There are 2 protein chains.
Amino acid sequence: MGYIVAVDGGGTKTSLCVSDLKGQNRKYVYTGCTNYKSIGIKKTKENLKEVINKALKILGISIADVEYFVMGLSGNDSEKDVQVLTGILKDIGINGNYYLCNDSELALFAGTDTPGIVVISGTGSIVYGVNNDGKKVRIGGWDYDFNDLGSGYWIGREAIKHVIMHCDGYFPNSNLFDRIKKYFNLEKIENFTFYITASKKNFTKIASIAKLVVEEAKNGDELSCSIIDKAVYYLAVQAKEAYKRLKFPDGNQKISVVLAGGVLSSDIVSEKFKSKFIDMVGRMDNIHFIHLQEQPVEGGIKIALKHLQKIRILKN
Amino acid sequence: MGYIVAVDGGGTKTSLCVSDLKGQNRKYVYTGCTNYKSIGIKKTKENLKEVINKALKILGISIADVEYFVMGLSGNDSEKDVQVLTGILKDIGINGNYYLCNDSELALFAGTDTPGIVVISGTGSIVYGVNNDGKKVRIGGWDYDFNDLGSGYWIGREAIKHVIMHCDGYFPNSNLFDRIKKYFNLEKIENFTFYITASKKNFTKIASIAKLVVEEAKNGDELSCSIIDKAVYYLAVQAKEAYKRLKFPDGNQKISVVLAGGVLSSDIVSEKFKSKFIDMVGRMDNIHFIHLQEQPVEGGIKIALKHLQKIRILKN
């Protein structure tokens, strides 16, 4: 009996799902980061091996029993990355029987069976889309420091920027600053400048400030609203660009827009996003928004099933 | 015969000036970073020892021959920093006979003998001011990632943000992008996204993009102009806040505004800054702009001479 393995390799967490060839009897295992740009080639190999071996052990099978792998890996951004990652896969015993993509592709297919776009805003952000002809488009997700616009990290950084401006006396008070003071356990918000300059940058911690900004935006805090509006603008303009380039035909074809990640799981953000996106593309007839409930790794199993079906058709 | 030592301790370079008690016969020596927040306490001690020993060796004197030290150190941002730095100074043999401040204070006194404000925009940015009563104010300079608004790094980051938006197809072309392509030796600007995600963040390299933005702003490039205008706005609003808090009296008192650092050494940036600042404070009668020509460490010698004079008056 054969098996399918899908891997969703992220910057902080990696999820693996293994199923039978019908996509049933799914089992899940997890490990840490498998982005080779963050942790290097050696550690990426170790973590990938570890998570695959965990799964094989649970089922009592060997790697030769896996008929097809879908490897959705973050950091897979260019032809050069494909070369590096192909080498990694070969070294850990995955040969030929795999599909390698960016992790965002898994999130798209976890949310929909039709062509469409996924907009992810969690710690980072990225937009990814596929049309009926199989054309793929990817926008954003290039770097926390310069890109990942509208992400949790981006929102957190905007908030911190304004806290410091307030500490320095040239930005008025905001409810957000009280929330941040409590969140960081600071006696006075003015201690924040010292806190931030003395502390090592922690992407996840900074991105986690986004939830305070979202909550205060719900309460009507002016600064928080303006940060969220700007984040939504960036996400919508990227999604619109993907939409434009995929040249979806006019007519009755349903176009899915999948919303994923912690930031877009908030009602206020997703509603603002939908309205801004509809505004920008100038149509709403066939656009169908989906809030991703599944784990992105489920999308990997869907991709594997489609690919295996094609392979079988070609063989017969 | 006694000596004075002034140290301007920066994040990349540290300058030391030693002079006799009249401030004459100046000698200069240099070393690398002495910001303990960047390189740790141990390495800071080593670098400070090294630069001081170099100077003592040149003059053939011992540390006991130094009558007064002025230590202007970056990373000296809070009471806790003063504690840490006092410990470092004690450990390298500097006891009691010193004045410890932030490095920006040296730049102010290098430029002027009167009360005033220094606005520094180099790799980082900071505003520092002193009034006639000796009241000190410091705005900005807290962190490359979240603050240092209007700095070279800030300008470089804004430029990179727009390059990536252009590569992703949702920002129009700009002359700036051609310049950046050449600067980074890229065949296609579209390779930039891969370049930036694959490369380690290099603050100095990113800040060095600022000079391309300034040049293209001079040529009238729209994007470059808008980045420079925003940088100037941030620098001016910080300088205005320092000015406001120092409560300079109305009347004939001359108020110096010293402009320092690579970004503000450009005519187009400094002229825009002057005009924006004058606009914001709503007066120009006694405001006197000075382009810093001296090394900031010279300001340390001036401070030392003033302090020694006071000490002598108190002793007699």
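The table below lists the values:
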| item | result |
| --- | --- |
| Choice from A:E187, A:E271, A:E298 showing the highest fluctuation, given a GNM over chain A with Cα pairs closer than 10 Å | A:E187 |
| Isotropically averaged projected area of the stretch A:105-285, using the convex hull of Cα atoms (one quarter of hull area), nm² | 10.8 nm² |
| Dipole-positive endmost among B:F177, B:G134, B:Q83 within chain B (Cβ charges, Cα centre) | B:Q83 |
| Highest-MSF residue in chain B out of B:N286, B:N252, B:N147 [GNM, Cα springs under 10 Å] | B:N252 |
| Where N is the number of residues in chain B, Cα Rg divided by 2.2 N^0.38 Å | 1.08 |
| Likely footprinting exposure, B:R312, A:R138, B:R26, fewest C-beta neighbours within 10 Å first | B:R312, B:R26, A:R138 |
| Among beta bridges that DSSP assigns inside chain A, antiparallel share in %, nearest 5 | 50 percent |
| Average beta carbon contacts from partner chains per residue of B:167-177, 10 Å cutoff | 3 |
| Span-like helix ranges in chain A, DSSP H, alpha carbon extent 24 angstrom or more, Kyte mean at least -1.0 | A:36-59, A:222-246, A:297-315 |
| Greater than 19 Å apart at Cα, pairs in B:K80/B:K240; A:K22/A:K90; A:K13/A:K274; B:K43/B:K306; A:K136/A:K306 | B:K80/B:K240; A:K22/A:K90; A:K13/A:K274; B:K43/B:K306 |
| Estimated translational D of the stretch A:94-177 in µm²/s (Stokes, Kirkwood radius over Cα pairs; 10 °C; 1.306 mPa s) | 104 µm²/s |
| Share, in percent, of DSSP beta bridges within the stretch B:1-120 that are antiparallel, nearest 5 | 50 percent |
| Calculated FRET value between A:Q83 and B:N95, using beta carbons and R₀ = 56 Å, to 0.05 | 0.40 |
| Area projected by the alpha carbon convex hull of the protein assembly as shown, averaged over all directions, nm² | 33.8 nm² |
| Of all chain B residues, the one whose C-beta is nearest the axis that brings B onto A, in angstrom | B:D145, 4 |
| Taking all pairs of distinct alpha-carbon atoms in the stretch A:8-79, Kirkwood radius in angstrom | 12.8 Å |
| Length added when fully stretched, A:H291-A:D20, from 0.36 nm per residue minus Cα-Cα | 94.9 nm |
| Structure-based [θ]222 nm, chain A - -39500 (n - 2.57) summed over DSSP H runs of at least 4, per residue, nearest 500 | -15500 deg cm²/dmol |
| Ascending list, in nanometres, of distances separating the A:S78 label from those of the other copies (7 Å, Cα toward Cβ) | 3.9 |
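None of the figures in this text is laboratory data; all of them are computed from the coordinates on show. These numbers come from a predicted model, not from an experiment. All Cβ positions, even for glycine, are placed from backbone atoms using ideal geometry, and neighbour counts span all protein chains on display.
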